[in-house]
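Colleague: Sharing a structure below in structure tokens format, with a few things to ask.
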Amino acid sequence: MKTVVITGATSGIGFETASLLTEKGYEVIGIGSSAESCSSAEKQLLLRNPSAQVRFYNADLMQLSEVSRIAKVLKEDLEAHCGNLYALINNAGCVRSWYMTTAEGYEQQFSLNFLAAFLLTYELMPMLKKSRGRVIMTGSKSHKGVNVHWDDVMLSKCYNPLLAYKQSKLCDTLFAKGLNDMFAAKGIRAYVVDPGLVKTDIGNRKTGALVNSIWSFRKHFGKAPSEPAKTYAFLCEQQIEPKGFYYHNCRENAYSKVVTSENAARLFKLSERLCGIRYGEVF
């Protein structure tokens, strides 16, 4: 049985992806932000499919210390079962209305939407290596038309919440590009899923009145989370790894011209310094 880890798996896209993959016979390990949401999600999945192979762990992935902690838990779990990881779906994300930082002092959207995935993927790379696994990022078409603010990546000097979100999604796409540059030849492939506009509560959580009201109106025009879940399942199900890396509605799509090997390598160096790791040491 193939094992898939999904972050942000207790609601929205992550939950529907977990549901679809368990129906297809995958073993799913879900990560949620609270014990209560994890327990509720697990119960709902088992109601849908009583034979589902699923279990949940809670962690506040916005904090890098929590990412390291849950990575250790996941490694112990995987070693106790099969010892390898078929796919890691980095889906957890957030929206903020104002400048807020983590315990490490990092802007919260940058930390949860990107850095958490960067560190968790690094920690689980040995398990991915064993199964020649896949890393799937949740992206957004909003990554187009922006650049990484290299001199102030946290946007602390002139914060704009929408720009912070867009930049974090650009970083997710650059991360996938960098992973492929470094590890595709060794059997690990990375992909980005652009889910499009989806009816989720991401813009209603810990946001101000303006962002909350705008998102409450806008999300009604979005698709159900079960729709983009099909693209994650598509990328998991292909026996031969798809050659592209940016997908929407199960089809390869165009991405920003800013997503280059040069920018991906620059982002890796910056992120390694922020996380205190070296990706070159995992192989």
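The values are calculated or read from the model by the stated rules, or taken from the named source; none is laboratory data. Being a predicted model, the structure only gives us computed values, none of them experimental. In this analysis, Cβ positions are derived from the backbone assuming ideal geometry, glycine residues included, and neighbour counts consider all displayed protein chains.
Colleague: Which of (1) under 16 Å from Ser97 (Cα atoms); (2) at pLDDT 95 or above; (3) of a type outside the set (Ser, Thr, Tyr) does Val193 not meet, given it meets every other one?
Modeller: (1)
Colleague: Here's another thing I want to ask about it. Give segment 70-91 a look and list any residue that's surrounded by 16 or more Cβ atoms within 10 Å (Cβ to Cβ) and either within 18 Å of the chain's Cα centre (by Cα) or basic (Lys, Arg) (or both), or say none.
Modeller: Correct list: Ile70, Ala71, Leu74, Lys75, Leu85, Tyr86, Ala87, Leu88, Ile89, Asn90, Asn91.
Colleague: Has segment 205-216 got at least one residue that is farther than 23 Å from Ser37 by Cα, among the polar types (S, T, N, Q), modelled with pLDDT of 95 or more and surrounded by 13 or more Cβ atoms within 10 Å (Cβ to Cβ)?
Modeller: no
Colleague: Quick one: Gln44 ticks every box in (1) surrounded by fewer than 16 Cβ atoms within 10 Å (Cβ to Cβ); (2) touching a strand residue (DSSP E or B) at 6+ places or on another chain (Cβ under 7 Å); (3) modelled with pLDDT of 95 or more; (4) not aromatic (Phe, Trp, Tyr) except a single one, so which number is it?
Modeller: Every listed condition holds for Gln44 apart from (2).
Colleague: Does at least one position in segment 221-229 carry a residue that is part of a loop (DSSP other than H, G, I, E, B), at pLDDT 95 or above and of a type outside the set (Asp, Glu)?
Modeller: Scanning segment 221-229 turns up no residue that is part of a loop (DSSP other than H, G, I, E, B), at pLDDT 95 or above and of a type outside the set (Asp, Glu).
Colleague: Next up: Do we find that Val67 is modelled with pLDDT under 95 and either touching a helix residue (DSSP H, G or I) at 6+ places or on another chain (Cβ under 9 Å) or crowded, with 20+ Cβ neighbours inside 10 Å (or both) in this structure?
Modeller: no
Colleague: Follow-up. Among all residue pairs at least 6 apart or on different chains, which show Cβ distances below 6 Å where the first residue, located in segment 261-283, is farther than 15 Å from Asn147 by Cα and the second is assigned to a loop (DSSP other than H, G, I, E, B)?
Modeller: Every condition considered, the pairs that remain are Glu272/Arg278.
Colleague: For Lys166, indicate whether it is in contact (Cβ under 8 Å) with a residue 40 or more places away in the chain, crowded, with 16+ Cβ neighbours inside 10 Å and among the charged types (D, E, K, R).
Modeller: no
Colleague: So for segment 102-121 (the condition being modelled with pLDDT under 95, aromatic (Phe, Trp, Tyr) and over 26 Å from Glu237 (Cβ atoms)), does at least one residue qualify?
Modeller: There is no residue in segment 102-121 that is modelled with pLDDT under 95, aromatic (Phe, Trp, Tyr) and over 26 Å from Glu237 (Cβ atoms).
Colleague: Would you be able to say whether some residue in segment 9-22 is surrounded by fewer than 21 Cβ atoms within 10 Å (Cβ to Cβ), in a loop (DSSP other than H, G, I, E, B) and at pLDDT below 95?
Modeller: yes
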